[in-house]
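The values are calculated or read from the model by the stated rules, or taken from the named source; none is laboratory data. In this text the structure is predicted, and so the values were computed from the model without any measurement. Methodologically, a virtual Cβ is constructed for each residue, glycine included, from the backbone with ideal geometry; neighbour enumeration extends over all protein chains shown. Ligands, DNA and RNA are stripped out before the accessible areas are found, and what is left, the full protein with its side chains, is counted by its heavy atoms. Shrake-Rupley method; radii C 1.70, N 1.55, O 1.52, S 1.80 Å.
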Amino acid sequence: MGDVAISIQDVSKHFRLYHERGTSLKERLVKVRTSRYDELWALSQVSLDIEEGQTIGILGHNGSGKSTLLKCICGVLQPTSGQIVVQGTLAGLLELGAGFQPELSGRDNVFLNGSMLGLSRTEIENVFDDIIKFSELEQFIDNQVKFYSSGMYVRLGFAIAVNVDPDILVIDEVLAVGDERFQRKCMDKIREFQEKNKTIVFVTQSAEQVRQICDSTLVLKNGHSIAFGEPGHAIRTFRETLLEGPDGVGGTVIDDADPNAERVIEFEPDSHEQPIQILDVVLSYPDDASNAYLKSGDPLSVRVAYQAENDIDDVIFSLTIVEPKGETLLSTSTEQMGLHFDVKTGKGAMEFAFQSWPLLDGLYKGSVGIQSRKGGVMYDWKEDVVNIEVLYDGKSGGLLNLPISGSFTTGNLNERGQ
Amino acid sequence: MATDASASSSPASALGENVQAEARVKKTRVVSARMSIPQRLKNIWTNRELLRNLISTEIKVKYKGSALGLLWSMVSPAMTLIIYYVVFGVILKNSIPHFVIYLFSGLLLWNFFNLGVQSATGIIVARSGIVKKVAFPREILVLSCIGTAGVFLFFQSLVLIIFMVVLGVAPDWQLLPLWFLTLFIVALLASALGIALSAINVYMRDMAHLIEVILAAWFWACPIVYSFWTQLHARFHHAWESWLYFANPMAPLVLTSQRVIYNAPYVHLTSAGNKGEQILPPWRATTYISWNVELLVVSSLLLWIALVIFGRLEGNFAEEL
Ligand SMILES: Nc1ncnc2c1ncn2[C@@H]1O[C@H](COP(=O)(O)OP(=O)(O)OP(=O)(O)O)[C@@H](O)[C@H]1O
Ligand SMILES: [Mg+2]
């Protein structure tokens, strides 16, 4: 393919996180040996070549070093070791309102910001109208930017960055504060950039966005590059790291090599005695050996195994499923499903079966509980123990994987109608 | 931090000139922990538009919303001038004729240096917002302080010209170009000091206070409100005293400014029986010129050292701020 636009060569970035930091002369001299700090490698030996014309998405959980990498690419931070070679002009949108002087008007800031991106006055004058038009801030352009809203900052910042016609565009997560219409406009602009064979590097939390517009995706985890390549694959890896996250699950995920792998979440019996307790929760779904994900559209079953100390009449098992943003998708129970049963002493299981899982990819969480129908005693409740990792191979975005097909006709449609 | 590597343009130029028109020559930038001084200077030069904008921003912001605008920038130097004039010229009755011009010709230079160094020292910390988020040669921020001080110097010079016309004092026209060289050297010195101190100030925040105190003392080490020749030179008995005095580069620079602007190496006092007294050193013009050439070299060297220091410290700016 083309030339390498950004070559990241073995880049590491080291930070010292001071517990308390003196910045005065005296403290520096007196406490020079006593100030305590933690070492942190925000980036460890990241190597990566970004070809000209590619769009790269960077995924990673909070604190994984995404912004640090972008700052190194832009040159705001210098790598502790390694180097980055950038071919061509670069415009970066790293943080909200970066580089704006709040006391100045929007107009003056356009010139200030433009010159920070390395443009001369006439060059800025040439694109000034485009910038204003794109940002839709005609009314406010002579106001001091300190009176701008967050969205207005981003509008102006993005408008400047894209209109100065850089070879490389670097965007951190700032676009999220723009309103929906502006975000769509930005996406259109990004597509336009792609058509012009410009290189784009952007950070996002949205796997959907990555799938839609990226050629390749980089996944960072604790400063290490753990995946780089085709978005679907990278997103899968990203999801895996999310699962491994320290505060992810309440149980342990046992990932056996069984091709018909079931995900088992086991619990230690609670210390306080309950007549019935949840032993484990097992997710099962068809699984090809290559990945451990539920494919959108495949069936899924959630089996809740229990242990009862004595016979209990009228037990209700409940299941709640929450989508990634926290909205409840489904809250159901055996009672609502019209199932009534009594529990005998010993072990047993209740299985919830979905014929097909119609949602697009994301991490869906579920909680299960056991309670009595009479008196509403909650015997056991496991919050967020079910992690349903859904993988969607298609390109569509949104929430639901509605069965859909298309047919295309050309020619005079009226004739057919008559 | 942006480096223009000349190597990058060679493949493009190898294609021949006719091809160059369609393929825009891509700049190559290397982000790494080390960068050579010539590269840094080149980066500063390519960003001169930003420097200009920062200076005009500074001035706009400073005097936005004040009816008298830039006039305010003259209030403080005017006040200093008046106070020194009253104290030394009227109350202590020193024997320097046209004392206002004498005073002003040195004070002008000092105000430039003082304002430049003081505002530059704090600038990286003050503009941490930009430093943390936007990439550009950070030295530009320091230079914008010196530039802003330069703008004020320009306005003060206008006032000085008015004074000179009113009092009928003419500068030494032949040496006038030397005065501009002197200003340039002061700018170099202030830049060197500002660049080094602004970087150190990021790590030791009270540098800004310290430099304020140092500058206050430094002022008296320069022959601005007193005459070096009549009041000090006679008291120097050892060579090292004189050597020490002139270790301060601002001293000869102030003397040069006085020599050119005040332009009166010999002053004949009006009181009867007194023969001519020297207010300014009776050096020949070549002495002043060689002083300035020497200082040009020294201050360029200092600037170089300052850039090295800045380069070493700059890597951690974004995280220290
Ligand atoms: N100036 C700094 N000084 C010290 N540590 C820093 C500094 N900047 C970032 N870090 C550390 O580096 C790590 C990576 O931070 P970074 O901002 O790159 O994360 P991120 O992937 O962008 O996260 P987010 O998704 O929250 O934006 C974090 O642990 C953070 O604490
Ligand atoms: Mg970030």
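If a spin label sat at a point 7 angstrom from the Cα of B:Arg312 along the line to its beta carbon, the backbone N atoms of region B:199-231 nearer than 17 Å would be those of B:199-204.
Please list the equivalent ellipsoid semi-axes of region A:4-244, computed as the square roots of five times the alpha-carbon gyration tensor eigenvalues, in descending order and whole angstrom. Intermediate values should be presented prior to the final figure.
Working: eigenvalues 185, 131, 56 Å².
Result for region A:4-244: semi-axes of 30, 26, 17 Å.
Between A:Ser120 and A:Gln45, the simple label model (points 7 Å from Cα in the Cβ direction) yields a spacing of 4.6 nm. Computed on the Cα trace of region B:34-320, the radius of gyration divided by the Kirkwood hydrodynamic radius gives Rg/Rh = 1.00.
Taking both sides together, what accessible area is buried at the B/A interface, probe 1.4 Å, expressed in Å² and rounded to the nearest 100?
On the way: alone 17170 and 22220 Å², together 35640 Å².
Looking at B and A, the buried total is near 3700 Å².
Grouping the Cα pair distances of region A:262-391 into 10 Å bins from zero gives a pair-distance distribution of 12, 44, 31, 12, 1 percent in increasing distance order.
Rg and Dmax of region B:169-321, based on Cα coordinates, read 18.9, 70 Å. Annotation for region A:216-238 versus region A:125-159: alpha-carbon center distance of 35 Å. For A:Leu330, nonlocal amide neighbours, meaning residues 5 or more places apart or on other chains whose placed amide H falls under 5 Å from its own, are A:Ile321. Extent of region A:286-340 along its three principal axes (Cα atoms, max minus min coordinate, largest first): 43, 28, 19 Å. Spin-label pair A:Ser301-A:Ser396: with each label point 7 Å from Cα along the Cα-Cβ axis, the two points sit 2.8 nm from one another. Distance distribution note for region A:341-418: the fraction of Cα pairs above 16 angstrom is 72%. Between A:Glu180 and A:Leu17, the contour length at 0.36 nm per residue exceeds the Cα-Cα span by 55.0 nm.
For A:Ile388, the residues 5 or more places off, or on other chains, whose built amide H falls under 5 Å of its own are A:Tyr364, A:Lys365, A:Gly366. In loop segments of region A:357-418 as defined by DSSP, the trypsin sites (Lys or Arg not before Pro) with at most 12 further C-beta atoms inside 10 Å of their C-beta are A:Lys374, A:Lys395.
For A:Leu119, no residue has an amide H sitting under 5 Å from its own, ignoring neighbours fewer than 5 places away on the same chain, with H placed 1.01 Å from N. Take the Cβ atoms of A:Asn222 and B:Asp206, set R0 to 25 Å, and the FRET efficiency comes out at 0.10. Site pair A:Asp313 and A:Leu329 shows an inter-label distance of 3.7 nm when each label is modelled 7 Å from Cα along Cα→Cβ.
For the cross-link pairs A:Lys185/B:Lys133; A:Lys344/A:Lys365; A:Lys185/A:Lys365; A:Lys325/B:Lys132; A:Lys71/B:Lys42; A:Lys13/A:Lys196, the ones whose C-alpha atoms lie over 26 Å apart are A:Lys344/A:Lys365; A:Lys185/A:Lys365; A:Lys325/B:Lys132; A:Lys13/A:Lys196.
Our note on the geometry: Cα centres of region B:129-188 and region A:332-389, 78 Å apart. Using only Cα coordinates, the Kirkwood hydrodynamic radius of region A:79-207 works out to 15.0 Å.
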